[in-house]
Amino acid sequence: MYSSSPKNQSELAACASALDMQLLRIGKVLDTRWLASSVRTVKAVWERYPALYRHFQTALSDSVRDSRERAMYCGLAERLSSKEFVSNLAVMFDALQELAELSLEFQKEALTLPYAHRATGRQILVFDAMCDKSGCHQQETDSICNYACMYENIYNAPLLQPKQSRVRARRPNRKDVSLACCRIMSV
């Protein structure tokens, strides 16, 4: 979407500069070095989440775009704003970072089969531990979501204004509040 469209690139850059963010290139996930490219891509989305979301929001209300394009941006904004997406992105980021470290261990010249076996066993233990205690990105997401719920309960007001629907306005749900907190924390 961004690599083939200078217009989208400049709009995203404008959103990023409005949020005082520097853009990272969002590349392909299944590149030649798929693990390294996947970590870089997930990191770029994680760190530039507010700029992406803002670009999707401005693009979906841009009257210059045709209805098909606006609908695409609406769907992207809705997907990006779901608590599940943010949570899955955090888990994926934590897991890919761990796998990238294991991959680097396997790329060492002095790699022996016993060392590879120990490194793999150690990584399995790390993943088992992540079942009980989340990785750092998942912990960050959980604390932001907890803060959003607490904010809503204390102030009896959402962190995000209700989204205007074509049919009727709806009250924001916990997912919206969680996302608003994620955006506030990222800025």
Item to complete: Report the residue count in the range 119-135 for those that are of a type in the set (A, V, I, L, M) and in contact (Cβ under 8 Å) with a residue 12 or more places away in the chain.
Response: 3
Fill in: Residue in the range 98-107 that is surrounded by the fewest Cβ atoms within 10 Å (Cβ to Cβ), counting only those that are without any contact (Cβ under 8 Å) to a residue 60 or more places away in the chain and more than 22 Å from residue 142 (Cβ to Cβ)
107
Worksheet item: Of the residues 116, 110, 95, which single one is surrounded by fewer than 11 Cβ atoms within 10 Å (Cβ to Cβ) and without any contact (Cβ under 8 Å) to a residue 60 or more places away in the chain?
Response: 110
Discussion item. Residue 87 - would you say it is outside the structural domain of residue 15 (by TED's automatic domain parsing) and of a type in the set (Ser, Thr, Tyr)?
Written reply: yes
Fill in: Positions within the range 1-16 being of a type in the set (Gly, Ala, Ser) and at pLDDT 75 or above, in sequence order
10, 13, 14
Worksheet entry | Selection from the range 106-117 of residues that are under 32 Å from the mean Cα position of the chain (by Cα) and assigned to a helix (DSSP H, G or I) | 106, 116
Practice prompt. Could you identify the single residue in 158, 162, 172 that is modelled with pLDDT under 90, touching a Leu at 6+ places or on another chain (Cβ under 6 Å), surrounded by 11 or more Cβ atoms within 10 Å (Cβ to Cβ) and over 27 Å from residue 44 (Cα atoms)?
Written response: 172
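To keep it simple, each residue is scored yes or no on (1) part of a helix (DSSP H, G or I); (2) at pLDDT below 85.
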| residue | (1), (2) |
| --- | --- |
| 31 | no, yes |
| 36 | yes, yes |
| 65 | no, no |
| 90 | yes, no |
| 98 | yes, no |
| 104 | yes, no |
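The values are calculated or read from the model by the stated rules, or taken from the named source; none is laboratory data. Everything numeric in this text was worked out from a predicted model, so none of it was measured. Neighbour counts are summed over all protein chains in view; Cβ atoms, including those assigned to glycine, are modelled from backbone coordinates with ideal geometry.
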